[in-house]
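Some notes on the structure that comes next.
FYI, it's all coordinate maths here, none of it is from the lab. Small disclaimer: the values here were computed from a predicted structure and weren't measured. Neighbour counts run over all protein chains shown; Cβ positions are idealised from the backbone, glycine included.
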Amino acid sequence: MTVPAETFPVLPDDAGPSDLQRWRDDYRRRRTRRSTSLAGVSTAVFLVVFGVAIVRSPGWPRVRESFLDLEVAQDSLPAILDGLWLNLRVLMVSAVLIVIVGLGIAALRTLRGPLWFPVRALCAAYTDFFRGMPLIILLYLVGFGVPGLRLQGVPTSPVVLGTLALVLTYSAYVAEVFRAGIESVHPSQRAAARSLGLSYGQTMRRVVLPQAVRRVTPPLLNDFVALQKDVGLISVLGAYDAVRQAQIHADDTFNYTPYLVAGLLFVLLAIPTIRVADWYSLRAVRRQQAAGAL
Amino acid sequence: MPERPGDIVLSCEGVVKRFGDQTVLRSVDLQVAEHQVVTLIGASGSGKSSLLRCINLLETVDDGVIRLDGEDITDPRIDADTVRRRIGVVFQAYNLFPHMSVLDNVTLAPRLVGKVAREQAEDRARTLLERVGLADKAQEYPDRLSGGQQQRVAIVRALANEPRLLLLDEVTSALDPELVGEVLSLVRELKEQGMTIVMATHEMSFARQAADRVVFLDAGVVLEEGPPEQVLADPVQPRTRQFLARILEAGRL
């Protein structure tokens, strides 16, 4: 591995890279190739060791029978997919409602002046209460308590009530994320907008919120991923979603494979969102910061 | 490395840097001897900052060689961190750490990188801060200081590592004229103490008074270089003359 000797200054613009640069590029390529193959080998070794450790454990045959039964998996798949479709619909509806309610609460919490104190206090109480309340307990309270009132016109469907509970909990989280975003916009931005004659509302809508929303999109997508699997919790109210279907099949066959099927389906559902979230954050970083080797 | 006076500290030979299909440095040659102050002048976008970033290995060069004390620092096998330890950089926007006091800003690198004991590092930091007239600000946070004070702290922070070479990237551009003076007199003081400095600047009067050599960068090449009285007063290249005339018009010479 000899480094080519080179004397500079070199060559007009249209000449290719110098021998030295070609050697450097080559060296870097070799390094990349070496670290890639190293990563491949270490991953393979890890997987083999991990796999062998599991397969050679004393209880493995029993676990394989009750968790990895292909026949049961095939039998349960259609029903679970059916249930997953319900989860997806609940996800879409609740995500939209959560963003609307969350943004509304966050905006209300930023209102200034003594007149708005009750509104601010109410919003603060809302976020405190629903962020503190465990989701599973809230599901029971809403799912069984609300229909228990036997009021006219109040929904009794476990799907609707489950969605309501999800919206209550998640909008409280999302409101706080939005509020953090709004507060992270530098006061000089408000000053600039107000000095141009924009009203408080106009400043909020045109200047502050667009910056805040852009800034909090990655954490919001993170909350969306969390919501994606928490929609499975509506099964505790008796809704026939993916988790419930898996449960029914597991009870029928005395085999846990359907749970694994449902779980993997949820993972598959989450992967696109996770990738989109990663891509979005990366793009934001690239756009707003100068390039560099660090 | 023997350090005889007149030794070449920094040498750039045929340095090329591209961003995408845009070539910002076409083929830059530059030599800086020990104890020299070299100022880089040129219009915005002429490549001054890019060159400084390449020297500090914040950017990877696309061709050419940069040597620090004769050692090829553009060799891909080199450890960039050990090279950067020998080079101090001060940025246009100070880049102080806002969550740390002035003292912690200055002592961070000596403590983490140089493994100097906290007490020792702080003693030295206080001495340096005293030299720049900021001894009473040691416990303050950067945002509470004026721009000139922040920039002097940034220079002290770069000096705390006892660098072989100091790179200053338009350190006075964000300051109002009154504050420019206090930073430039600090740079002049460093020169008198024998520091080797490469400085990108728009302060032509400072370049004339304090620089040993002025280098005019234009469109990614060194178009003209020499002692300040020649480059600034009697430039050979028409482009240099044009650039200086514009600066004169703007009232900055």
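A compact table of results
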| read-out | value |
| --- | --- |
| Cα-based convex hull, segment A:63-133, per residue volume (Å³, whole number) | 116 Å³ |
| Sum of side-chain charges, B:GLN151 neighbourhood, beta-carbon under 15 Å (Lys, Arg +1; Asp, Glu -1) | -3 |
| Over segment A:102-179, equivalent-ellipsoid semi-axes from the Cα gyration tensor in Å | 27, 14, 10 |
| Other protein chain Cβ atoms within 10 Å, averaged over every residue that makes up B:63-75 | 3 |
| Shielding by partners - mean other protein chain Cβ count within 10 Å, residues of A:21-32 | 3 |
| Proxy reagent accessibility, fewest Cβ within 10 Å first, across B:PHE216, B:PHE19 | B:PHE19, B:PHE216 |
| Histogram of C-alpha separations across segment A:70-286, 5 Å bin width, % | 1, 7, 12, 14, 15, 14, 12, 9, 6, 4, 2, 1, 1, 0, 0 |
| Chain B - Rg over Rh from alpha carbon coordinates, Kirkwood radius | 0.96 |
| Placed amide H near B:THR74: partners under 5 Å, 5+ positions off or other chain | B:ILE66 |
| Within-12-Å neighbourhood charge of A:TYR259 [Cβ basis; K, R +1; D, E -1] | -1 |
| Cα→Cβ-extended label distance, 7 Å offset, between A:VAL154 and A:ARG89, nm | 2.4 nm |
| P(r) histogram, all alpha-carbon pairs of segment B:98-162 included - 5 Å bins from 0, percent | 4, 21, 35, 25, 12, 3, 0 |
| In Hz, Karplus ³J(HN,Hα) per residue of segment A:224-238 (6.51, -1.76, 1.60; θ = phi - 60°; x = Gly, Pro) | 5, 4, 5, 4, 3, 8, 5, 4, x, 6, 5, 4, 5, 8, x |
| Per-residue mean of C-beta atoms belonging to partner chains within 10 Å, peptide B:163-175 | 0 |
| B:GLU192/A:SER281 FRET efficiency (R0 45 Å; Cβ-Cβ; nearest 0.05) | 0.40 |
| Cα pair distances in segment B:41-88, grouped into 10 Å bins until the bin that holds the longest one, percent each | 25, 54, 19, 2 |
| Sorted by Cβ neighbour density within 10 Å, fewest at the top, the residues A:LEU81, B:LEU223 | A:LEU81, B:LEU223 |
| Ranked list, fewest to most other Cβ atoms within 10 Å of each Cβ, for B:LYS17, B:LYS115 | B:LYS115, B:LYS17 |
| Label-point separation in nm, B:VAL113 to B:GLU229, each point 7 Å along Cα→Cβ | 3.8 nm |
| ³J(HN,Hα) computed for each position of segment A:27-42 - Karplus, 6.51 cos²θ - 1.76 cosθ + 1.60, integer Hz, glycine/proline x | 4, 5, 4, 4, 4, 4, 4, 5, 6, 5, 5, 4, 4, x, 5, 5 |
| Structure-based [θ]222 nm, chain B - -39500 (n - 2.57) summed over DSSP H runs of at least 4, per residue, nearest 500 | -11000 deg cm²/dmol |
| Debye equation applied to the C-alpha atoms of the protein assembly as shown, log10 I(q)/I(0) at 0.10, 0.12 Å⁻¹ | -1.02, -1.17 |
